[in-house]
Amino acid sequence: MRVNIDKAGNITITDFSPVQAYKIAVRMEKDGIDFYSDLLKQVRDAGTQHEIEFLIEQEKAHLDTFQGLLNRVKETANDTFEEDDIVDYIKSRVFNAALEKEEAQKMEHRHTALEEAMNMERRSIVFYDGCLARSKDGDAKSAFKKILDEERKHLTKFAELLRIKCIDSGEGCIL
């Protein structure tokens, strides 16, 4: 992996390995679980609580998938990735948890929570697309493609849930 820092302090990370790709994905899924868990504490409506619990379970399933892929590639990889510093920086730029939580606390409708879940998935997709574009290693590209496929499935699932629970119900989506 290459890390370039310009004069303004902007960091560009290129040449990821598969291990690095999956470590980032694992960390971001954990952050998603934390975000939804915090959101769950704010919600009063039982139906919405159930939906947020569903989102948490989806993030946990992704975490299991990415952790399994990470474990498989680590068996054959020589990994010297300093994940904490780089991943913490990425997290602060891709998902600012404090701002996400502040926005989540303002949510008045169930569909807003689902839309925020979709926005998080969209930001993940944009981030991973950027990582894929900057990867030169074929195995790393394959890893990012797998991650992107999972994130796109997640986005589709959340969009379907929004449509079924909120838009098609005709009853509204009150928290």
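Looking for something β-branched (Val, Ile, Thr), at pLDDT 75 or above and farther than 18 Å from Asp129 by Cα - is there at least one such residue anywhere in the range 45-55? Lay out the reasoning, then the answer.
From the range 45-55, those β-branched (Val, Ile, Thr) are 48, 52; that's our starting set.
Next, only the ones that are at pLDDT 75 or above stay: 52.
After this cut, where a residue has to be farther than 18 Å from Asp129 by Cα as well, the list is 52.
Yes, the range 45-55 contains a residue that is β-branched (Val, Ile, Thr), at pLDDT 75 or above and farther than 18 Å from Asp129 by Cα.
So, of the residues in the range 115-169 that are crowded, with 16+ Cβ neighbours inside 10 Å, in a helix (DSSP H, G or I) and of a type in the set (Ser, Thr, Tyr), which turns out to be farthest from the chain's Cα centre (by Cα)?
Filtering first and then ranking leaves Tyr128.
Yes or no, residue by residue, for (1) under 16 Å from Glu115 (Cα atoms); (2) in contact with a strand residue (DSSP E or B) (Cβ under 8 Å, 6 or more places away or on another chain):
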residue: Pro18; (1), (2): no, no
residue: Ala21; (1), (2): no, no
residue: Ala25; (1), (2): no, no
residue: Asp45; (1), (2): no, yes
residue: Gln58; (1), (2): yes, no
residue: Leu70; (1), (2): no, no
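The values are calculated or read from the model by the stated rules, or taken from the named source; none is laboratory data. As the structure is a computational prediction, the values presented were derived from the model and not from experiment. Heads up, the Cβs are rebuilt from the backbone with ideal geometry, glycines too, and the neighbour counts pull from every protein chain shown.
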